[in-house]
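Reading through the C-alpha cells given below for one structure.
The values are calculated or read from the model by the stated rules, or taken from the named source; none is laboratory data. The model shown is predicted, which means the values in this text are computed figures rather than measured ones. Cβ sites come from the backbone with ideal geometry, for glycine too, and all protein chains shown count toward neighbours. We work out accessible area using only protein heavy atoms, side chains counted, and drop any ligands, DNA or RNA first. Shrake-Rupley method; radii C 1.70, N 1.55, O 1.52, S 1.80 Å.
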Amino acid sequence: MKRSLLFFVLIALFSFPLSGFQVDRLVNPYYELVDETFNKESAYNTVSFVEKYFRVVGNSGFDKSIYHVVEKLKAAGYVEENKAKATDRLVYRIEKRALKNPTWEPVSGSLKLASGEEILNFKSNFNMIAINSYGTNGEKEFDIVYVGDSKANELDNYDIKGKVIVGENSAGFLFREGVQKRGAVGVISYRIPAYNQASKHRNSISFTGIPRDPEAKSFAILASYNAYDKISNAIFEDKYGLKIELETKIYESEELTLVAEIRGSKMPEERFVFSAHVQEPGANDNASGVGVLAEVASSTAKLLKEAKIDPERTITYLFGDEITSTRRFIQEDPERAKHIKWGMSLDMVGQNTDLTGGTFLIEKMPDPGAIWVRGVEKHSEWGGRPLQKKDLKPHYFNDLTIGVFERIGLEKDWTVKFNPFEGGSDHVPFLSGNIPGVLLWHFTDEFYHTDGDRLDKVSKETMHNVGIGAMIISLILTENKPMVTDKLLLLLSTKAAIRMTGEARLSQDIVSEGGDVAQEKDILNTWFDYYSKVFETTLDLNPTNREAFMKNLEDTQSALTQLRWMTLSRIKKE
C-alpha cells in the first residue's frame with residue numbers, strides 16, 4: 001500500500017484530531033497576531049452608529065454609514081485613491097452613481113385606534129412604515145376594510161375605494177391589488193414569517209416595501225402581532241376607524257459604494273474581495289457586517305504598518321448595496337474580474353445566539369452536499385433549491401474556510417456550522433462570475449428582518465470570532481508564504497477522507513436497508529470526482545516549488561483513486 005493511501009486510511013480512523021492538526025499548520029502563523037489585533041470594541045461602536053439609521057440606498061442614513069466607515073479607514077492609514085502616491089498601499093475611493101429612482105427615508109409614524117389608543121409608533125417600531133410609502137400630511141382618520149387573506153379576485157367583493165384595507169397578505173400584494181387597482185387609500189399588512197415567532201415577540205414587525213407610486217402617493221403600514229390583534233378586536237366590535245400619521249421623505253439622490261484596498265506587494269492585480277452590504281435597517285442585518293469588515297480592514301492595515309504582514313496579493317473591502325455593488329465590481333471591469341481569486345460575504349455576523357437563536361454558519365459554494373442533503377448537511381430555514389451536478393463548483397475555498405473557523409470555534413468554545421448553498425447575499429455575484437465565493441452568516445435568527453434586530457442582540461465576542469477568521473483566511477491566501485499550497489493540500493486530503501468515510505457509512509446503511517446500490521455509488525462517485533477537482537484547484541496559488549508540489553499532487557490524486565476503489569467495492573447488499 002502506498003504511503004499516500006495509508007495516510008488516507010489513517011485519517012479515516014483518526015479523522016477529527018488529524019483535521020485539527022492539519023489546519024493548525026495554516027492558522028498558527030496568524031492566530032495570536034490577529035486575535036490580539038482585532039478590536040471588537042471598535043467593531044461594536046461602528047455597529048452602534050450604523051444601526052441607528054433605516055438604511056436605504058441613497059438616503060441620509062446609508063450615506064452617513066458609508067462616511068463613518070471612511071473616517072475609520074482614514075484613521076487606520078487609508079489614503080484617498082486619487083491623492084495616493086504609487087507607493088501607498090492603503091487606499092480607498094467612494095464611487096458615486098446617480099440613482100435611477102428617488103430614495104426613501106422614514107421620519108415618524110403613529111397608528112391609533114378611533115378611541116385614541118396608540119398601537120404603533122415609529123420610535124418603538126422602526127419597521128412600521130413600508131419602504132416607498134408616502135406621508136399623510138398630518139394625522140388623519142381613515143375607515144378600514146378587513147380583507148383577511150383574500151385572493152386578488154375576492155377583493156372585488158369588498159367596498160375598498162377610499163378606505164384603508166387590512167389584511168394578512170404581503171404589503172406589496174395588498175398595495176397593488178387594493179390601492180393601484182381598486183382605489184384604496186392605503187393598506188395595513190400583517191404577515192410575519194413563522195421563524196420570527198410573532199406570538200412570542202408580539203411587538204416585532206418584519207420590514208418590507210411597496211411599489212413606488214408617485215401618482216397614488218399612498219402608504220402601507222406593517223403591523224405587529226399585538227397591533228393586528230387590537231385592530232381585529234376593534235373590527236369585531238364594529239369600530240372601523242383608525243387615526244394614522246406618517247412622515248417620510250422621497251428625494252433624488254445618488255448611490256455610494258466604498259472600495260478600500262490593501263495593495264499587494266508582488267501580485268497586486270490578484271485579489272481577495274470582501275463584501276458587506278450597508279442597506280437594510282437592522283443591527284445584525286447588516287450593521288454587524290459593516291462593523292466587522294471595517295475592523296478587518298483597519299486591523300489588517302495596522303499589521304501592515306507594523307511590518308508584521310506583507311500581502312503579496314491585493315485585499316479589497318466593498319461596502320455598498322447588497323448584490324448590486326458586488327456584481328458591479330465584478331462586471332464593470334472584465335480585466336479586473338479575471339484576477340479576482342476569492343470572494344467572501346459578511347452578512348449578519350454579530351448575533352448573540354443566546355438571544356437570537358440559530359448559529360454561525362458558513363454557506364458553502366455548491367458541492368454534492370447541495371444535491372444530496374443528508375448526514376452532516378442541513379439547509380437553514382431560509383432554504384435552497386435542489387442543485388444538479390452541472391451546478392457544482394469544486395474548490396478548496398469551502399474546506400479552507402470551514403477548517404479555519406472550526407479551529408477558532410475550538411479555541412473560543414464557539415459553535416461553528418455550515419450549510420449547503422442557498423443564495424441570497426453577496427457571495428452570489430462571485431459565483432455567477434465563476435469566482436470562488438462563500439457567505440459568513442447566522443440563521444435562524446428570531447429577529448431576522450424585524451425591528452427587534454437592534455444593538456442589544458449583537459455580541460462583541462461573535463464579531464471578534466468572525467473577524468479574526470476572515471482576516472486569517474485572507475492572509476493565508478494573499479501572503480503567499482512558502483509551502484502554503486502543500487499545507488492546504490494536506491488539509492484538503494484530510495477533509496476528503498473525513499467526508500468520504502462519512503458518506504460511505506451513509507450509503508452502506510441505506511443499501512443495507514434495501515436502498516439502490518447504483519444510486520449510492522453515483523453519490524459517492526460524485527463526491528470523489530468533486531474532491532479530485534478540488535485538489536487541482538490548489539494550483540492557482542502558484543506553489544513555490546511547482547515540480548515538488550506536482551509530485552505531491554499526483555500522489556494525493558493516486559491515493560484518492562485507490563480510496564475510491566476500496567470504498568465502492570464495499571458498497572453492496574449484505
| query | Can you tell me which residues in the stretch 32-51 are farther than 15 Å from Lys302 by Cβ, open to solvent by less than 30 Å² (accessible area, probe 1.4 Å) and in a helix (DSSP H, G or I)? | reply | Thr46, Val47, Val50
| field | Leading residue by the ranking (nearest to Tyr251 (Cα to Cα)) among those in the stretch 185-209 that are open to solvent by 10 Å² or more (accessible area, probe 1.4 Å), assigned to a loop (DSSP other than H, G, I, E, B) and of a type in the set (A, V, I, L, M) | value | Val185
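Which of the residues spanning the stretch 100-139 are of a type in the set (D, E, K, R) and under 20 Å from Pro214 (Cα atoms)?
Lys100, Glu105
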| query | Inside the stretch 220-265, can you point out the residues that are open to solvent by 40 Å² or more (accessible area, probe 1.4 Å) and within 20 Å of Gln279 (Cα to Cα)? | reply | Lys249, Ile250, Tyr251, Glu252, Glu254
| task | Return the residue satisfying two criteria in turn: it lies in the stretch 532-560 and is of a type in the set (Ser, Thr, Tyr) and within 36 Å of the chain's Cα centre (by Cα), and of such residues it is most open to solvent (accessible area, probe 1.4 Å). | result | Thr544
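Where residues in the stretch 70-86 are assigned to a loop (DSSP other than H, G, I, E, B) and out of contact with any Phe, Trp or Tyr (no Cβ under 6 Å at 6 or more places or on another chain), which of them is most open to solvent (accessible area, probe 1.4 Å)?
Among them, the one singled out is Lys85.
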| message | Show the residue pairs meeting these rules: Cβ distance below 7 Å; 6+ apart or different chains; first residue within the stretch 479-506 and farther than 21 Å from Thr526 by Cα and in contact (Cβ under 8 Å) with a residue 24 or more places away in the chain; second residue of a type in the set (D, E, K, R) and buried (at least 20 other Cβ atoms within 10 Å of the Cβ). | response | Asn480/Arg313
| request: Specify the residue that is nearest to Glu141 (Cα to Cα); the eligible residues are those in the stretch 229-263 that are at pLDDT 95 or above and part of a loop (DSSP other than H, G, I, E, B). | output: Glu252
| Does Glu215 satisfy the criteria of being acidic (Asp, Glu) and surrounded by 17 or more Cβ atoms within 10 Å (Cβ to Cβ)? | no
| message | Out of everything in the stretch 409-437 that is in a helix (DSSP H, G or I) and free of Cβ contacts under 8 Å to residues at least 60 places away in the same chain, what residue ends up being least open to solvent (accessible area, probe 1.4 Å)? | response | Gly409
| note | The correct count of residues that are open to solvent by less than 10 Å² (accessible area, probe 1.4 Å) and closer than 16 Å to Ser232 by Cβ in the stretch 151-173 is 4
| Can we say Leu455 is under 28 Å from Gly209 (Cβ atoms) and among the aliphatic types (A, V, I, L, M)? | yes
| Filtering the stretch 66-117 down to residues that are among the β-branched types (Val, Ile, Thr) and in contact (Cβ under 8 Å) with a residue 12 or more places away in the chain, which residue is nearest to Ser189 (Cα to Cα)? | Val107
| request: For Glu312, indicate whether it is without any contact (Cβ under 8 Å) to a residue 12 or more places away in the chain and either open to solvent by 20 Å² or more (accessible area, probe 1.4 Å) or among the acidic types (Asp, Glu) (or both). | output: no
| query | Which one is surrounded by the fewest Cβ atoms within 10 Å (Cβ to Cβ) among residues in the stretch 383-408 that are free of Cβ contacts under 8 Å to residues at least 40 places away in the same chain and more than 16 Å from the chain's Cα centre (by Cα)? | reply | Lys390
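Condition check: farther than 22 Å from Asn59 by Cβ, open to solvent by 30 Å² or more (accessible area, probe 1.4 Å) and among the polar types (S, T, N, Q). Does Ser124 satisfy that?
So Ser124 fails the test.
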| task | Mind counting the residues in the stretch 360-382 that are at pLDDT below 95 and open to solvent by less than 40 Å² (accessible area, probe 1.4 Å)? | result | 1
| task | Please go through the stretch 509-531 and pick out each residue that is in contact with a helix residue (DSSP H, G or I) (Cβ under 8 Å, 6 or more places away or on another chain), open to solvent by 30 Å² or more (accessible area, probe 1.4 Å) and within 17 Å of Leu563 (Cβ to Cβ). | result | Lys521, Asn525
